[in-house]
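Quick note: the coordinates plus some simple rules give every number you see, no bench work behind them. Keep in mind the model is a prediction, meaning the values are calculated, not measured. All Cβ positions, even for glycine, are placed from backbone atoms using ideal geometry, and neighbour counts span all protein chains on display.
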Amino acid sequence: MAVDVLGLTLMIPLLPFYAEKLGATASEAGMLIGVYAACQLISGPLLGRLSDHMGRKPLLIVSQLGTFIGFMITANANVLWLVFAGRIIDGSTAGNLSLAQAYISDVTKPEDRAKSFGIIGIAFGLGFLIGPAISGFLSKFDYRYPMYAAALMSATSILATTFLLPAVASKKAAGPAGPGGRRISIVEWGAYAAYFRQPVLATLLYQFFFFSFSFAFFIGGLPLFVERRLTWNGHPFGPEQTGYAWAWAGFLGLLLQGPALGRMVKRFGERALNRTGFGAYIVGYILIAFCFNVPMLIAAITVLALGGLVRPTLTSLITHVAPREEQGAVLGLNQSIMSISQIVGPSIGGFMIQHGLLTSWGMVAAVAAAGGFALASRPAPPAEVAAA
């Protein structure tokens, strides 16, 4: 996952600038994230369901192959529609995160799950530390170089999965009560709705929506925001400066999601850390909204790094509350919620930024995070306390 995320983070600071170079508007640059997520929304449950029967490893390799092909098409694009084609291919095979989460759920005990999901946080931290910095450096020479580097990282991840990852049968394959569970098709809305009728689980799922929407809104819009709001040596921020800003966020995330996470969970509990993460997002997004210089940007990113507590603790809380035989389906639902957020959030954010609503863009992210904080602050129902 660390190598896979590294490939992804080589692209994140660069893609909006690359699209603009090929004639995209800010709205169209946001749609590049949305079209990827839309394809992922359709294909993700299918990949998850296949992995329940065929095993996680073969489907991870398929997913990573799609990412490699998508990177290569994007790197060689000379018109905007080819960039969209590369994102469509990547999105249509994208399932790395949800498949990795299902693998972790298969092989860990419930009491170790928050710490184990934190390992994915470490992978993201490593990726956001190294990838954007490399992307920023290479983009000075040619915008295509970071994309070729991302393709190389993707190829490396394929080799790592093929030769290093043990093949483990999913719990669904091993028996009906395993946490692999069945995955929900995109057309099975009734099955989705059933989870939202369970009060404790629904509260956590709504929290996950507020988290994923605000985060996707922020991630998708930040390069376009800083390009219009900040300057460096008299020039607008570009992929180099954006990449170094992401690298700082990755460094802080790595410190937070390492061994310290497991100790903090034992001392403070998952619910308290979840609230802290949402609170950090609110403050950080407000700082971004009123950011007019580089020191303010650094301060905002530093605060936002604490928001990294939300994903592992909230995912762990969800797996505790969800019925054991349905955990695969619920994790697939999480991925669908994230995909919907990535479809809607960056597209709206790109539209706002295109029309000069920069401060409002940051405040929308803060309001969404406030919704998650309000739900996370509600007293824990007895059922959740017992499950956790």
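Helical content alone sets the calculated 222 nm signal of the chain at -26500 deg cm²/dmol, taking -39,500 (n - 2.57) per DSSP H segment of four or more residues and averaging over every residue. Averaged over residues, the count of other Cβ atoms within 10 Å places the peptides 71-84, 310-323 in the sequence 310-323, 71-84, highest first. If you count Lys pairs in the chain whose Cα atoms are under 25 Å apart, skipping same-chain pairs closer than 8 places in sequence, the total is 11. Once you order the gyration tensor axes a ≥ b ≥ c over the Cα atoms, which shape class does region 235-283 get: rounded for a/c under 1.5, otherwise prolate or oblate by comparing a/b with b/c? Cα axes put region 235-283 in the oblate bin.
Highest mean packing comes first when the peptides 344-351, 369-376, 8-15, 263-270 are listed by Cβ atoms within 10 Å, giving 8-15, 344-351, 369-376, 263-270. If you take all other residues with their beta carbon under 14 Å from the beta carbon of Leu15, and give Lys and Arg +1 and Asp and Glu -1, the sum is -1.
Can you tell me, using C-alpha contacts under 8 Å and at least 6 residues apart, the relative contact order of the chain as a whole percent?
Here the relative contact order equals 28 percent.
Candidates Leu138, Ala280, Ser157 compared by Cα position along the dipole of the chain: farthest toward the positive end lies Ala280, with charges placed on Cβ. Once the mean of 1/r is taken over each pair of separate Cα atoms and inverted, region 128-168 shows a Kirkwood hydrodynamic radius of 11.4 Å. Once C-alpha pairs closer than 8 Å and six or more residues apart are averaged by separation and normalised to the residue number of region 18-109, the relative contact order reads 38 percent.
Distance from the Cα centre of region 252-330 to that of region 222-247, in angstrom? Between the Cα centre of region 252-330 and that of region 222-247, the gap is 24 Å. Compare the Cα positions of Leu333, Ser347, Ala247 along the charge dipole of the chain (+1 at Cβ of Lys, Arg; -1 at Cβ of Asp, Glu; about the Cα centre) and return the one farthest towards the positive end. Final value for the positive-end residue is Leu333.
Please get the size of the charge dipole for the chain, origin at its Cα centre, with Cβ charges of +1 on Lys and Arg and -1 on Asp and Glu, quoted in debye to the nearest 20. Display every interim value, and only then the final one.
Numbers: 25 positive and 16 negative charges, 137 e Å.
So the dipole magnitude of the chain works out to roughly 660 debye.
For region 1-96, a simple Cβ point-charge model (Lys and Arg +1, Asp and Glu -1, everything else neutral) yields a dipole of about 180 debye relative to the Cα centre.
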